[in-house]
Amino acid sequence: MSPTPFTEETLGVRDTPVRVLFGGKGEPLLFLHGAGAAGVWLPVHERLAEHFRVIAPLCPGFGGTPRPEWLDRTTDLTFHHADLLGALGLAQARVLGVSIGGWMAADLAATYPDRVSRLVLVGASGLSIPEAPIPDIFALPMEAVLPLLFEDLSTALALLPGSMDQDFVEAQLRERATMAHLAWNPHFHDPKLRRRLARVTAPTLLLWGEKDRFTPVAHGKAYERLIPGARLEVIPGCGHVPPVERTDEFCAAVVPFLKG
C-alpha cells in the first residue's frame, strides 16, 4: 500500500501561527504529539489516516518553534487546543495524546467534555504517583533519556537525523526550555488534574507500554481509576512510545476503539 499523502498548513489560532499536518479522510482525529517528534509525519499517522482525517498540530514551543509569551503551563495549551478546534471549524473531535500530549488531551477532555467524542491517552504524564515517580529528564543527557523511553533503542535511533547539526541542537534546546516551563515545577503533573478527570465524559482508552520507564504502568492504572469508564490496555515488551515502537499492536487497539 502506498503511503498516505499529507498536507501542511499554518493556521492562525488567535495570535499564534500553528503548523498543522493533515492526512486522510473521514471523522476528525486530533493527534497531540509528545516531546521529540513534533511536526513529523510518522508511520502511525499514515496508518491512522487510512481510517480518519488525522490532524497533527505542532504544539507552540516544540519542534524548534518559539515559545509564545502566554505559554507557561499545560492548562494554557488546553485553551489553545480548544481554540484550534474552533479555527478548524470543529465542534467536536476524537482526541489522541502521547506522553505530555496525553496530559494535554486529558485536560482538554476534562475542561471541555463536549469537545471530545472519544479519548485515547498513551503513556500520559500529568499525575503524581509517589510509588512510580517520573525520572528527572532535565538532569539527564539525551543518551540517558532514550532508554527511559524505548525498550528497543534501534527504534529511537531510526528517528534521529543522520546529521545532528547546529539547527537540530538549537531546536532541541528550545524544546527542552518549553518542557521546563510546562513540567519542571511541579514535576510533570498538575495537582488539580486528578480531581478534574471525573468531568471526562468521552469513552476513554488508555494504552501503556509494559516496559515504560518514564511514566510506568502505575500512571495508567491511576488514570483508569480516575476517568469514569476508562479502560487500560498494556502492550507487552514495549516502552513509553507504543505508536512508534509497536505501531501494529497500537493501531490494532486504537482503530476499532476510535471507530466506536
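Here, each number is a calculation from the coordinates, and none is a lab measurement. Here the structure is a predicted model, which is why all the values come from computation and not from measurement. Using ideal geometry, Cβ is built from the backbone for each residue, glycine included, and neighbour counts are taken over all protein chains shown.
Charges were assigned to the Cβ only: +1 to each Lys and Arg, -1 to each Asp and Glu. The resulting dipole of segment 16-151 about its Cα centre is roughly 480 debye. Given the C-alpha centroids of segment 212-260 and segment 1-50, what is the distance between them in whole angstrom? Centre-to-centre (Cα) distance: 20 Å. Label positions at ARG176 and LEU88, each projected 7 Å from the Cα along the C-beta direction, are separated by 3.1 nm.
Sort 37-43, 245-251, 94-100, 215-221 for me by packing, meaning the mean count of neighbouring Cβ atoms within 10 Å per residue, highest on top. Each step should come with its number before you reach the end.
On the way: 37-43: 17.7, 245-251: 19.4, 94-100: 27.7, 215-221: 21.6.
Ranking, from highest mean packing down: 94-100, 215-221, 245-251, 37-43.
Counted by Cβ distance under 11 Å from ALA202, the other residues give a net charge of +3, where Lys and Arg count +1 and Asp and Glu count -1. For segment 16-127, a Kirkwood radius taken over Cα pairs fed into Stokes-Einstein (10 °C, viscosity 1.306 mPa s) yields D = 115 µm²/s. With the convex hull drawn around the C-alpha atoms of the chain, the volume per residue stands at 123 Å³. Inverting the pair-averaged 1/r between distinct Cα atoms of segment 1-80 gives 13.3 Å as its Kirkwood hydrodynamic radius. Arranged from fewest to most other beta-carbon atoms within 10 Å of their beta carbon, THR204, THR75, THR10 become THR10, THR75, THR204.
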